[in-house]
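The values are calculated or read from the model by the stated rules, or taken from the named source; none is laboratory data. Just so we're clear, the structure is a prediction, and the values are computed from it rather than from any experiment. Cβ placement follows ideal geometry from the backbone for every residue including glycine, while neighbour counts extend to all protein chains displayed.
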Amino acid sequence: MTTNTTIATQEFLQLYRGLYPFFREAWEREQVDALKEMRWRFLTGDGKVNLTVGTAPSGGDGRLVKKVSGTGDRGNEDKRLNDEEVWRLLLDMNTAAVLIHEIGLKQSTACAALLYWPVWKHGVPLSEVKKRFGAEVELLLKGLLNVNRFSDKKGAVESENYIKLLLSMAEDVRVVFIMIARQLQLMRDAKELTAQGRLDLSVESIYLYAPLAHRLGLYSIKSELEDLSLKYTDRERYDYIAHKLNETKRSRDRYIEEFIKPVSKRLDKTGLKYEIKGRTKSIHSINNKLKKQKIEFESVYDLFAIRVILDSPAELEKAHCWQVYSVITDMYQPNPKRLKDWLSIPKSNGYESLHITVMGPESKWVEVQIRTRRMDEIAERGLAAHWKYKGVKEESTLDSWLASLRESLEDSGSDVNQKLTDFKLNLYDEEIFVFSPKGDLFKLPKGATVLDFGFAVHTNVGATCISGRVNGRNVPIRYQLKSGDQVEINTSSNQTPKQDWLSFVVTSKARTKIRQLLKEEAAKQANIAKETLQRRMKNRKIEPDESHLMQLIKKLHYKTVTDFYADIASGKLDVNWVMDRYLELENKDAEGRDAYPTVSAEQFTLKTPVREESGGDELIIDQNLTGIDYRLAKCCNPIFGDEIFGFVSSQGIKIHRVTCPNAHDLFSRFGYRVIKARWSSPTGSSSYTIVLRVIGNDQLNIVTNLMSIISKEEGVQMRSISIDSNDGLFQGNISVTLANTSMLERLIKKLKAVKGVKSVERLN
């Protein structure tokens with residue numbers, strides 16, 4: 001047996017030995033045996049397996065596949081599984097392990113994750129699952145089957161399947177816990193994928209799964225998904241930050257120890273049971289801070305946070321947390337603007353903690369998080385941990401959020417992509433807390449208006465809202481609320497929703513309901529307009545033909561028939577003018593039919609259309625490409641050989657590099673508008689302009705040497721050069737034209753070899 005085989009065997013057996021006792025804790029032996037039969041049936045009687053390393057199955061997710069074979073007690077029968085089955089087995093076992101150990105879910109959820117593949121692929125009936133494992137496992141599997149197409153898609157998020165996933169979450173949130181755990185495992189194994197496969201998986205993670213993990217309180221999983229996505233989409237940036245963090249680890253540890261030592265002495269005197277530890281920010285969050293604030297790594301002061309975890313009984317949790325707050329603020333100067341009290345009013349995902357920022361040693365700001373052991377487990381494992389502490393805190397906030405989610409997503413009249421955008425915007429939003437006149441608490445996203453509050457109370461209240469009273473003062477409907485406001489809604493029966501309301505409401509429920517009401521009103525007006533057009537055509541003795549009418553609507557550039565009739569209703573289109581255009585189109589069509597020559601049956605030849613074979617939905621970039629409006633993005637200036645993707649904008653398709661500074665934002669906010677793209681074979685005449693930044697010692701003839709190398713390089717032409725010298729160093733921006741990345745890499749290598757040159761990098 002080879003080393004790889006041994007490692008694979010150990011990995012499998014370790015997973016099996018970790019899962020088997022877990023099920024034995026709560027299940028009868030018959031249930032465990034049934035699970036083994038369905039999912040681990042290849043195991044021999046003595047538990048031995050034989051594993052050999054193979055290759056990834058075609059169409060699989062790309063991790064190393066372990067071929068599993070063994071002999072049982074029944075006549076040395078070979079129980080070999082194929083590559084895909086083995087890969088699925090290991091994926092499902094790892095997913096179950098994540099659900100158990102990292103999220104903290106119970107046997108039913110882990111069982112559903114293990115049985116998903118046998119039920120979907122091998123047709124194990126749900127009735128058998130229900131009989132052996134109960135209705136709970138059956139319900140979870142139904143949810144997983146609803147989104148199976150989504151789970152096996154790679155590339156940009158599929159809108160319709162996205163909706164299915166979210167609706168399944170509203171039905172039973174554990175379905176999404178399983179999907180998140182599976183995605184995390186796929187990302188951990190993604191190093192075995194192709195570059196395109198890693199990119200597709202990263203897009204899904206950053207666009208869908210990381211925000212969902214955030215909303216569900218799985219902060220550690222969210223951070224890992226974001227870090228891995230950055231690793232696979234911008235490896236250079238990831239490695240840079242990781243290297244810097246490693247370089248500064250010793251100084252961070254020393255500072256944390258210096259901060260904690262006096263705090264521990266004071267806390268020991270209080271008699272509280274506690275634990276203090278430091279936590280470094282994720283690479284993804286550090287990268288966001290560097291990009292947003294446009295600063296260097298050394299300028300980031302809040303690379304870490306101090307966490308105080310208390311062992312307190314439920315009835316004393318808040319009192320002990322505020323006691324620790326008092327101790328720390330007595331020792332270090334607090335920043336009152338950065339006090340975050342999630343003890344009094346927890347987040348909707350169950351997160352409870354007290355965050356303060358204090359001036360620590362060496363005049364550095366330090367964030368301190370104060371929470372109990374229960375709160376910390378909820379913070380690490382999210383909503384899943386609530387079931388463990390049922391009764392300690394109400395879960396009505398989760399219920400209300402899921403109800404709101406289902407209400408907004410089940411509106412069949414709304415555009416799918418718009419619903420996704422609205423929902424995505426609410427995932428990361430900070431919350432504010434406002435009160436009704438009766439004292440009822442409402443949680444709304446930051447920036448919510450009086451109108452958002454009206455729709456949160458009831459659809460009819462929002463639809464007839466004319467103004468509000470905030471803390472006893474009259475305010476307009478677009479007034480932005482703040483935490484602690486008491487809000488009263490003024491309504492009028494004459495009020496109807498307006499199109500401009502969509503420009504300032506922020507909640508997905510308000511947006512969905514406004515669009516729904518506007519469409520209902522537009523549909524009423526459209527029906528009236530349709531009847532008017534039909535009556536006028538009848539008066540002019542025009543027999544309407546549906547095909548001609550649809551042709552006219554398309555010719556007038558209307559996306560829907562409703563929009564066409566809505567413009568007639570509003571007066572934008574004159575009925576008589578429409579009928580004249582209809583007659584012109586009908587007459588033109590009749591003339592065309594008359595002019596077409598008649599051919600006898602003997603002379604007729606059927607022409608078989610030629611189908612163009614395609615390797616999927618992929619844009620092939622060629623300078624000779626016609627019929628498609630595309631352009632190279634100026635923000636990253638891609639050239640032949642760069643890994644690229646297409647982005648559908650209002651100005652056509654824009655081609656970006658995968659490492660474009662705007663790529664992350666485009667993937668996360670508009671993943672459904674991203675399309676695959678690749679370069680065609682080079683034509684030889686293609687040329688692209690790029691800018692190189694060269695830094696080196698300001699010595700004699702160094703610039704002349706650089707220009708000489710560029711001029712001698714075949715296929716490379718220098719467009720411009722600008723040099724700036726300061727303190728013995730020079731920095732120059734050199735603009736050149738070349739054909740592909742191979743030329744670029746060769747040129748950069750030669751420029752770096754020039755004596756005195758310190759660095760050469762591509763700016764765009």
Within the group Leu208, Leu218, which residue is crowded, with 20+ Cβ neighbours inside 10 Å, at pLDDT 75 or above and out of contact with any helix residue (DSSP H, G or I) (no Cβ under 6 Å at 6 or more places or on another chain)?
Leu208
Apart from one, (1) under 25 Å from Asp642 (Cα atoms); (2) surrounded by 18 or more Cβ atoms within 10 Å (Cβ to Cβ); (3) over 39 Å from the mean Cα position of the chain (by Cα); (4) among the β-branched types (Val, Ile, Thr) all hold for Ile734; the odd one out is (3)
Among the residues that make up the stretch 444-459, is at least one of them surrounded by fewer than 19 Cβ atoms within 10 Å (Cβ to Cβ), modelled with pLDDT of 55 or more and closer than 20 Å to Tyr219 by Cβ?
yes
I'd like to check something: does the stretch 239-256 contain any residue that is outside the structural domain of Leu201 (by TED's automatic domain parsing) and outside any helix (DSSP H, G or I)?
yes
Among the residues of the stretch 488-499, how many are touching a strand residue (DSSP E or B) at 6+ places or on another chain (Cβ under 8 Å) and outside any loop (DSSP other than H, G, I, E, B)?
4
Test set (1) surrounded by 14 or more Cβ atoms within 10 Å (Cβ to Cβ); (2) over 19 Å from Ala195 (Cα atoms) - Gln651 fails condition number
(1)
From the options Leu533, Leu502, Leu518, residue that is of a type in the set (A, V, I, L, M, F, W, C), over 39 Å from the mean Cα position of the chain (by Cα) and either in a helix (DSSP H, G or I) or surrounded by fewer than 16 Cβ atoms within 10 Å (Cβ to Cβ) (or both):
Leu533
If I filter the stretch 699-728 down to residues being under 15 Å from Lys752 (Cα atoms) and not polar (S, T, N, Q), which single residue comes out as surrounded by the most Cβ atoms within 10 Å (Cβ to Cβ)?
Leu706
Scan the stretch 727-753 for residues that are modelled with pLDDT under 85 and over 14 Å from Val691 (Cα atoms) and report the count.
4
Kindly establish whether Asp642 is in a loop (DSSP other than H, G, I, E, B) and either modelled with pLDDT of 80 or more or basic (Lys, Arg) (or both).
yes
Screening Ile345, Ile328, Ile306 for residues that are β-branched (Val, Ile, Thr), farther than 27 Å from Asp253 by Cα and in contact with a strand residue (DSSP E or B) (Cβ under 8 Å, 6 or more places away or on another chain) leaves only Ile345
Residue that is surrounded by the most Cβ atoms within 10 Å (Cβ to Cβ) [pool: residues in the stretch 194-205 that are over 12 Å from Ile180 (Cα atoms) and of a type in the set (Gly, Ala, Ser)]:
Ser202
Can you tell me how many residues in the stretch 160-182 are surrounded by fewer than 24 Cβ atoms within 10 Å (Cβ to Cβ) and at pLDDT 85 or above?
2
Starting from the stretch 356-372, take each residue that is in a strand (DSSP E or B) and list its partners that are basic (Lys, Arg) and at pLDDT 85 or above, counting only C-beta distances under 7 angstrom and pairs at least six apart or across chains.
Gln369/Arg307
